[in-house]
Every structure is written in structure tokens, then in C-alpha cells.
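Peer 1: Before I ask anything, let me first share the structure, which is written out below as C-alpha cells.
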Amino acid sequence: MVSPWMTNTVILFGVIVAVVGVVAYLRVYKNSAWSTTTPSSRPHPTDQANEDLRQSAEESAAAGQSSEDDKN
């Protein structure tokens, strides 16, 4: 037969593990939720790609204008 002391110990251990697990989960959730809502100090990779495309489009337009000026 299992003693009541052993049952209480197992229940207490389970409660401690559950509380630690919930705290750890909430810390990870909080960090991921904050990272999606606050802008980061470094630019996002797609922002850099958009900037590169914008610069190349401006360079192409400038090159097109200079060649049109040469024709006139």
C-alpha cells in the first residue's frame, strides 16, 4: 500500500513542475510577442531588399535620362 506521505510528495512535485513550466512558457511567449510588436534596431532583410531594388530603379531611371539627353 502507498503511504499518504508518498502521495503528497508526488502531488507536490507535480505542482512545482507545472508552475515552473507555466512560468517558462510565459517568459518565452512574452519575448516572442514583444519581438513582433516592437521594431528592431537592425533592418529586416526584406527592408534591405526593397531598398536595393529602389536604388537600382533610381540608377536605371538616371541612366535612361542621361541617354535621352544625349540624343537631343
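The values are calculated or read from the model by the stated rules, or taken from the named source; none is laboratory data. Remember, predicted model here, so these are calculated numbers, not experimental data. As a convention, Cβ positions derive from the backbone with ideal geometry for all residues, glycine included, and neighbour counts pool all protein chains shown.
Peer 1: With respect to the numbered conditions (1) small (Gly, Ala, Ser); (2) modelled with pLDDT under 80; (3) assigned to a helix (DSSP H, G or I), which one is the sole condition not fulfilled by Ala18?
Peer 2: (2)
Peer 1: Still on this model: Can you confirm whether the stretch 50-68 contains a residue that is surrounded by 10 or more Cβ atoms within 10 Å (Cβ to Cβ), at pLDDT below 80 and outside any helix (DSSP H, G or I)?
Peer 2: no
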